Amino acid sequence: MTFPHRHLLGIEQLRPSEITTILDLAEDYVALNRGTKKHSDVLAGLTQINMFFENSTRTQASFELAGKRMGADVMNMAMQASSVKKGETLIDTALTLNAMHPDLLVVRHPHSGAVDLLAQKVNCAVLNAGDGRHEHPTQALLDALTIRRAKGRLHRLSIAICGDIAHSRVARSNIMLLGKMENRIRLIGPPTLMPSGIEEFGVEVFDDMNEGLKDVDVVMMLRLQKERMDGGFIPSEREYYHRFGLDAKKLAHAKPDAIVMHPGPMNRGVEIDGDIADDINRSVIQEQVEMGVAVRMAAMDLLARDLKGRA
Amino acid sequence: MMQSKRTLFINARLVDPKAKTETFGSLLVENGVILKVIHDDGVDNEDAQMVVDCGGKYLAPGIVDIGVKVCEPGERHKESFRTAGQAAAAGGVTTMVTRPDTDPTIDNPESLEFVIRRAREVAPVHVHPMAALTKGRMGREMTEIGFLLDAGAVAFTDCDSVITDTKVFSRALTYARSLGALVIAHPQEPVLSHGAAATSGKFASLRGLPAVSAMAERMGLDRDIALIEMTGARYHADQITTSRALPALERAKANGLDITAGTSIHHLTLNALDVADYRTFFKIKPPLREEEDRIAVVEAVASGLIDIISSMHTPQDEESKRLPFEEAASGAVALETFLPAAMRLVHADMIDLPTLWRAMSYNPAKRLGLPQGRLSEGAPADLVIFDPNAPFVMDRATLKSKSRNTPFDGQRMQGKVIATYVSGNKVFGI
């Protein structure tokens, strides 16, 4: 199995067959992670640096665990606290790190395109852990794996993505991935949180949950950032919950076996009702977290094969 | 100014932007002015001391470029009067009308005099400075418009900083009108466009860039039109870049307001998709638009609704551009690519050459009350000889500007300047 990419910067660059390759390999890692000896040596001797220019607990922990389980030497750098505050540019930071010869660089940055820029300046493999509102490819991949395992397939499904689409990199990567795999995508949210021109991406847009959720197989909820709740984009938290929060009544419009997903962290009572999030028959939110580690292991494994191939 | 020899330019395709004609003939120049325009090929020596054979290429009045940023004072490492002047000469720009958005702002007669002195010392082309309309371009207090006019300011502008306080703006317009001063503004609704790095649409959504609706330009223009109707001021919109702003402009002109409009060469030749993978050399202000807007704006130049094309030359060093797209500085250098980029419109049959040239020479000169931009007897001998067909691949390393942030790097272009003359003296030649 070869993977013809040096970096994992986005879903946009991936072909459907490559997406399947990553997901298939991730299945192996799911099995490994569920065993008692959660360890392999595929990244032994390699150095992985996690550079997070934006706060993250879950994604960073997931990448860290993925690297450690595969034997890499993992270092975390909280970039908000370091040189960025001293005025160093992104490229200088990248060059400094590059001089330390990392093999895998996992980067999250608040600005769209920043990870692409960084990837042009370093010699190692770069994994995008989220750039601005642009892409979050490993999140889309873990969502895809979760859906495939729950539904038995990753095509011809009707999938609703609900909430703050405009500011969401998760939504963009998912729209691209699920579109490439030939699913029907419905976007649901208030028009103030819908990016302009989004209809041209081959999706259906709704501003009514009951209508949008009709007969869908998968309901993906997005997190609503606190700073967007106070009248700027939506009138209030409670009106948002009333119109766009996922509760049992709204979910009843979806197919009876529809699954509920959320990239976390959740705002219970804002975008999702607590009971739904905890309903083991509907919610696959915990499974998403599990798949996250496996997918990241698969992605790093594939990129490392390329590294070894070039060595 | 050095007195020039009696020079005869022969064998030329003469572009007269005022008459909108293109004829074969010769041109006699003496003492920095055009002495005679000869519209045939029967060449008589005319007692010339020097004869320049144009080899059948085009001879036109030099480009008059409103809105050039020379980063002096403040950021001389990006561009100086010397390098900007050399770039202008190489690009066929014989008059640079400079922007006051330097550091510090050109907002008092003393700093304006510095600009004029520096330009006179080192720039090989004519330089006419603009001054800020409000102090520090802060939009709060008007500048000494009278003193600045006396010191040589040809227009007043806060550049891309929009005066949000309409009371301040209306008073500045009223005061400027009493002195006959031209005010140049950036039509843009500043709150709606705050923080935007791209134009709203499919591309900005795909790339996840903060974007502004093209409508913000029309809102800004509508407001400004209401203010000039109220004050009677002489007004020029620096860049109209969207189709939605055009009907408002057309109505304002039809209503007899003293309004003209410009656009930038980049908005005429590039669109939002050119940004591709976050290429920051394509980040300009206002941001590049959709292709439909580009075409509408080219048509507006062809019809004369948009009067003036500018390079909006904005030097930025590598450090200001090698950043994530949102953080990167806006602007592109354009003095040297202005002519070949403009020729794309001619080669695409979207506009004829004399009409295009009118928007690059006669119209801006006329709007500023300058004698340039004409190919007639008594006009200044600011001339450019060029070949609109000569092909080349743009290599930014060859630019004379100190900053080389051109979006055309590596692109195939057509149109080369062969020689440039200012007041009859050759300032550039290949």
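Looking across the stretch B:274-319 at every residue that is touching a residue at least 12 places away in the same chain (Cβ under 8 Å) and hydroxyl-bearing (Ser, Thr, Tyr), the one that is farthest from the other protein chains (Cβ to nearest Cβ) is identified as B:Ser310.
Residue-by-condition table, conditions (1) part of a loop (DSSP other than H, G, I, E, B); (2) free of Cβ contacts under 8 Å to residues at least 60 places away in the same chain:
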{"position": "B:Val97", "(1), (2)": "no, no"}
{"position": "B:Asp101", "(1), (2)": "yes, no"}
{"position": "B:Phe114", "(1), (2)": "no, yes"}
{"position": "B:Gly136", "(1), (2)": "no, yes"}
{"position": "B:Ala176", "(1), (2)": "no, yes"}
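Counting only helices (runs of 4 or more DSSP H) wholly contained in the stretch A:40-143, the ones carrying 2 or more residues that are within 14 Å of chain B (Cβ to nearest Cβ) occupy A:90-98, A:114-119. Scanning the stretch A:257-311 for residues that are closer than 18 Å to A:Val74 by Cα and within 17 Å of the chain's Cα centre (by Cα) yields A:Gly292, A:Val293, A:Ala294, A:Val295, A:Arg296, A:Met297, A:Ala298, A:Ala299, A:Met300. Inside the stretch B:230-243, residues that are buried (at least 19 other Cβ atoms within 10 Å of the Cβ) and in contact with a Leu (Cβ under 9 Å, 6 or more places away or on another chain) make up a count of 8.
For the stretch B:358-407, which residues satisfy the criterion of being among the acidic types (Asp, Glu) and not in a loop (DSSP other than H, G, I, E, B)? Spell out how you get there, then give the answer.
First pass over the stretch B:358-407, keeping only residues among the acidic types (Asp, Glu): B:377, B:382, B:387, B:395.
Matches in the stretch B:358-407: B:Asp387 only.
The single condition from (1) among the aliphatic types (A, V, I, L, M); (2) surrounded by 17 or more Cβ atoms within 10 Å (Cβ to Cβ); (3) within 12 Å of chain A (Cβ to nearest Cβ) that B:Met215 fails is (2). Filtering the stretch B:192-212 to residues that are within 9 Å of chain A (Cβ to nearest Cβ) and not basic (Lys, Arg) leaves B:Ala197, B:Ser200, B:Gly201, B:Phe203, B:Ala204, B:Ser205, B:Leu206, B:Gly208, B:Leu209, B:Pro210, B:Ala211. Residue check: A:Ser283 meets all listed conditions (1) of a type in the set (Ser, Thr, Tyr); (2) surrounded by fewer than 16 Cβ atoms within 10 Å (Cβ to Cβ); (3) in contact with a helix residue (DSSP H, G or I) (Cβ under 8 Å, 6 or more places away or on another chain) but one, namely (2).
Here B:Leu148 passes the criteria (1) crowded, with 18+ Cβ neighbours inside 10 Å; (2) not in a helix (DSSP H, G or I) except the one numbered (2). Just one residue in the set A:Ala72, A:Ala129 is within 13 Å of the chain's Cα centre (by Cα) and buried (at least 22 other Cβ atoms within 10 Å of the Cβ); that residue is A:Ala129.
Only one of the numbered conditions (1) surrounded by 21 or more Cβ atoms within 10 Å (Cβ to Cβ); (2) closer than 17 Å to A:Leu105 by Cβ; (3) within 20 Å of the chain's Cα centre (by Cα); (4) of a type outside the set (Gly, Ala, Ser) is violated by A:Ile22, and that is (2). Among the residues of the stretch B:26-69, those that are assigned to a loop (DSSP other than H, G, I, E, B) and basic (Lys, Arg) comprise B:Lys57, B:Lys69.
Each value in this text was obtained by applying a stated rule to the coordinates, not by laboratory testing. Everything numeric in this text was worked out from a predicted model, so none of it was measured. Positions of Cβ are generated from backbone atoms using ideal geometry, with glycine treated the same way; all protein chains shown enter the neighbour counts.
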